[in-house]
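Novice: This is the structure, below, for whatever I ask next.
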Amino acid sequence: MTTKVIVAGGGIGGVASALALSKRGAEVTVLESAPEFGEVGAGLQIGPHGSRILQEWGVFDEVVARGVLPKNLVFRDAITAEELTRLDLGADFQRHYGGVYFVVHRSDLHSALVTAARAAGADLRTDSRVVDVVTEGDGVRVTLADGEELTGDVALGMDGLKSTLRAKLSEDEPVGSGYAAYRGTFPIDQVPFAADIEDVIGYIGPGCHFIQYPLRGGAMLNQVAVFHSPGYERGEVEWGGPSELDDAFARCHPTVRAATEHLWRDRWWPMYDREPISDWVDGRMLLLGDAAHPPLQYLASGAVMALEDARSIADHIPADAADWPTALAAVNAVRAPRCNRIMSTGRMWGELWHLDGAGRVARNELFRLVRGDGAYKYTDWLWSPQSA
């Protein structure tokens, strides 16, 4: 008998889970609250831990064709623009990790997964906001905001950072980092300094950082500016506005200050995560994706963690639907330690990037010492095939 899985949330993790589970023979229904499937935001960095999964699912070629394979991952000091270290992402890197590091627009990855999930047989529904999941005997009852109820063998709560379903397991709330992010994606010919950018470049500075990389075959430049908000510290409701953006980067190198002119200034993203929790299971419901482990973005692994979740749940489909509780516990046991480590390390990495004074001097010296494949000892835990 085919097992029936209901997924609450149609973001990258939700549709990836639909694809992975459908390819294993499950009957999957994805319930997305928005009126249409889509992703907001701009670029994503996908490490080899993500590209290997996309290869397994047969969607890698399509996704990477919409993106860019950068040549290097480069860190520079935001005040002096001095190059501190670089990691060559070429043949040796790809051989070591069995996958590539690439960048892609968030909407391009999402749309490719949506198309593949539908082709695999998944039912993807919009205007379907899940408000409750209750375990009843050997199944689940899922209730929508309009009162409709669906039943299945198991449910996945993948309803994002502000998850409704997480409240069944934890009373915690999203944690404000005090940092705000501005993004901007523009055609290369509209950005005077962009033509020669072939790498992922990160300028790291006191209380701020700035990321650049090309998108869509090099036709677009993606930029992200992140800074600590004085307004947040003062307890203001609307914090992180454009005047704070300019003040935060006033000390930075002219190259960085000029780049901040090519950002969307009519919107910004306050940065939140949550405290790690170890138990993601409520009866026959399992939290995954940002509902379970929403990270700050410093390790560029939020989307990849959702892809890993999808592969893990598909790998644990039980032969008998009665065994789903055991399968959910097994996925929880595998995924929670890894994801919680990424979340905690991401917080620490952000603190390291944003040091000032003597801390900045020491950090820069440390970065200068990390060259070539010597960096692998710091990244194997995240990117190697054995880590996931």
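None of the figures in this text is laboratory data; all of them are computed from the coordinates on show. These numbers were taken from a predicted model, which means no experiment stands behind them. Here Cβ is always computed from backbone atoms with ideal geometry, including for glycine, and neighbour counts include all displayed protein chains.
Novice: Taking percent of Cα pairs over 32 Å apart as the quantity of interest, determine which of [x] 43; [y] 34; [z] 47 was computed from the displayed structure.
Specialist: Checked against the structure: label [y].
Novice: In terms of modelled amide H atoms, which long-range or inter-chain residues lie less than 5 Å from the amide H of Leu89?
Specialist: Placed amide hydrogens put Asn72, Leu73 under 5 Å from Leu89.
Novice: Here is a follow-up. Using each residue's phi in region 136-143, evaluate 6.51 cos²θ - 1.76 cosθ + 1.60 at θ = phi - 60° and report the 3J(HN,Hα) Karplus result to the nearest Hz, with x for Gly and Pro.
Specialist: Once θ is set to phi - 60°, the couplings for region 136-143 become 10, x, 9, x, 10, 10, 10, 10 Hz.
Novice: When a/c is below 1.5 the answer is rounded, else prolate if a/b is larger than b/c, else oblate, so apply that to region 1-50 with a ≥ b ≥ c taken from the square roots of the Cα gyration tensor eigenvalues.
Specialist: Cα axes put region 1-50 in the oblate bin.
Novice: Projecting each Cα onto the charge dipole of region 62-172 (Lys/Arg +1, Asp/Glu -1 at the beta carbon, about the Cα centre), which of Ala155, Gly99, Leu169 comes out farthest on the positive side?
Specialist: The Cα lying farthest towards the positive end belongs to Gly99.
Novice: So how do 329-336, 108-115 stack up, highest first, on mean other-Cβ count within 10 Å? Don't skip to the answer; put the middle values down first.
Specialist: Details: 329-336: 17.4, 108-115: 22.8.
My ranking of the peptides, most packed first, is 108-115, 329-336.
Novice: While we're on this one: Give me the extension gain from Thr115 to Ala81: residue separation times 0.36 nm, minus the current Cα-Cα distance, reported in nm with one decimal.
Specialist: On the way: separation 34, 0.36 × 34 = 12.24 nm, distance 4.16 nm.
8.1 nm is the gain from fully extending Thr115 to Ala81.
Novice: Take peptides 65-77, 42-54 and line them up by average Cβ neighbours within 10 Å, highest first, as a rough protection proxy. Could the numbers behind the result be given before it?
Specialist: Values: 65-77: 19.2, 42-54: 23.8.
Averaged packing, sorted descending, gives the order 42-54, 65-77.
Novice: What length, rounded to one decimal in nm, is gained on full extension from Arg265 through to Ile188, with 0.36 nm per residue of separation minus their alpha-carbon distance?
Specialist: Separation in residues times 0.36 nm, less the Cα-Cα distance, equals 25.9 nm.
Novice: What translational diffusion coefficient, in µm²/s and rounded to a whole number, does the Stokes-Einstein relation yield for region 223-305 at 4 °C and a viscosity of 1.567 mPa s, taking the hydrodynamic radius as the Kirkwood radius over Cα pairs? Mind dumping the intermediate values first?
Specialist: On the way: Rh = 15.5 Å.
Using the Kirkwood radius from Cα pairs, D works out to 84 µm²/s.
Novice: Efficiency by 1/(1 + (r/R0)^6): what FRET value for Asp380 and Lys162, r their Cβ-Cβ distance, R0 = 41 Å, to the nearest 0.05? Walk me through the numbers on the way to the answer.
Specialist: Values: r = 33 Å, r/R0 = 0.81.
The value I calculate is 0.80.
Novice: While we're here: Could you derive backbone 3J(HN,Hα) for region 78-83 from the dihedral phi with the Karplus parameters 6.51, -1.76 and 1.60 (θ = phi - 60°), listing whole Hz in sequence and x where the residue is Gly or Pro?
Specialist: Result, ordered by residue: 6, 7, 9, 6, 5, 6 Hz.
Novice: Shifting gears a bit: Report the Cα centroid-to-centroid distance between region 118-139 and region 1-42 in angstrom, as an integer.
Specialist: Cα centroid of region 118-139 versus Cα centroid of region 1-42: 8 Å apart.
Novice: Give, rounded to the nearest 20 debye, the magnitude of the charge dipole that the chain has about its Cα centre when Lys and Arg contribute +1 at Cβ and Asp and Glu contribute -1 at Cβ.
Specialist: On the way: 36 positive and 53 negative charges, 183 e Å.
It comes to approximately 880 debye.
Novice: Could you give log10 I(q)/I(0) at q = 0.23, 0.26 Å⁻¹ for region 1-88, computed by the Debye formula over C-alpha point scatterers of equal weight, without solvent?
Specialist: -1.22, -1.33
Novice: Now for a separate question. Using Cα atoms only, what is the angle between the long axis of helix 302-315 and the major principal axis of the chain, expressed in degrees (0 to 90) to the nearest 10?
Specialist: With both axes taken from Cα atoms, the answer is about 30 degrees.
Novice: Among all the lysines, which ones have a C-alpha under 28 Å from Lys377's C-alpha, if same-chain residues fewer than 8 places away are not counted?
Specialist: Within the straight-line limit of under 28 Å, Lys377 reaches these lysines: Lys71.
Novice: For the chain, what is the mean residue ellipticity at 222 nm derived from helices alone (per DSSP H run of n ≥ 4: -39500 (n - 2.57); sum divided by total residues; nearest 500 deg cm²/dmol)?
Specialist: On the way: 12 runs with 131 residues, N = 388.
Helix-only estimate at 222 nm: -10000 deg cm²/dmol.
Novice: Same structure, new question: Positive end of the dipole of region 50-130, charges at C-beta (+1 Lys, Arg; -1 Asp, Glu), about the Cα centre: which of Gly67, Leu113, Ser128 has its Cα farthest in that direction?
Specialist: Sorting the options by dipole projection puts first Ser128.
Novice: Using the alpha-carbon centroid of each, what span in Å lies between region 213-237 and region 263-289?
Specialist: Here the answer is 19 Å between Cα centres.
Novice: Same structure again: Regarding region 40-80, what's the average projected area of the Cα-atom convex hull, expressed in nm²? Could the numbers behind the result be given before it?
Specialist: On the way: hull surface 17.8 nm².
Mean projected area for region 40-80: 4.4 nm², to one decimal.
Novice: Could you list which residues have their amide H under 5 Å from that of Val7, counting only those 5 or more apart in sequence or on another chain, with H placed in the peptide plane?
Specialist: Long-range HN contacts for Val7: Thr29, Val30, Leu31, Leu156.
Novice: What's the angle, to the nearest 10 degrees (0 to 90), between helix 106-119's Cα axis and the longest principal axis of the chain?
Specialist: On a 0 to 90 degree scale, this one is about 20.
Novice: With each pseudo-label sitting 7 Å past Cα toward Cβ, what's the Ala319-Ala333 distance in nm, one decimal?
Specialist: 1.9 nm
Novice: Further, regarding this structure: Can you give the Rg and Dmax of region 231-388 based on its C-alpha atoms, in angstrom?
Specialist: In order Rg, Dmax, the Cα atoms of region 231-388 give 20.1, 62 Å.
Novice: Taking amide H positions as placed in the peptide plane 1.01 Å from N, state which residues far from Met220 in sequence (5 or more) or on other chains have amide H under 5 Å from it.
Specialist: Close amide H contacts, sequence-distant or interchain: Ile188, Leu215.
Novice: Which whole-Hz ³J(HN,Hα) couplings does region 33-50 yield from phi under the Karplus relation 6.51 cos²θ - 1.76 cosθ + 1.60, θ = phi - 60°, glycine and proline marked x?
Specialist: Each residue's phi maps through the Karplus curve to give 6, 6, x, 8, 7, x, 10, 8, x, 9, x, 10, 9, 10, x, x, 5, x Hz.
Novice: Any idea how far apart Asp373 and Ala358 come out in nm if each label point goes 7 Å out from Cα toward Cβ?
Specialist: If labels sit at Asp373 and Ala358, their model points lie 3.8 nm apart.
Novice: For a footprinting-style exposure proxy, rank Ser278, Ser301 by other Cβ within 10 Å, fewest first.
Specialist: Working: Ser278 9, Ser301 26.
Sorted ascending by nearby Cβ count, the order is Ser278, Ser301.
Novice: With a ≥ b ≥ c the root eigenvalues of the C-alpha gyration tensor of region 44-193, is it rounded (a/c under 1.5), prolate (a/b larger than b/c) or oblate?
Specialist: prolate
Novice: Please state the shape class of region 177-317: rounded when a/c is under 1.5, otherwise prolate if a/b exceeds b/c and oblate if not, all from the C-alpha gyration tensor. Display every interim value, and only then the final one.
Specialist: Values: a/c = 2.85, a/b = 1.48, b/c = 1.92.
Oblate shape, in that a/c is at least 1.5 and b/c is the bigger or equal ratio.
Novice: Given a Förster distance of 45 angstrom, what is the FRET efficiency for Glu36 paired with Ser387, based on the Cβ-Cβ distance and rounded to 0.05? Mind showing how you got there, number by number?
Specialist: Details: r = 35 Å, r/R0 = 0.78.
FRET efficiency, Glu36 to Ser387: 0.80.
Novice: Points 7 angstrom from Cα along the Cβ direction at Val175 and Val131: gap in nanometres?
Specialist: 3.1 nm
Novice: Sticking with this one: Could you give me D for region 296-347, from Stokes-Einstein at 37 °C and 0.692 mPa s, where the hydrodynamic radius is the Kirkwood radius over C-alpha pairs? Units µm² s⁻¹, please.
Specialist: On the way: Rh = 11.9 Å.
Here the translational diffusion coefficient equals 276 µm²/s.
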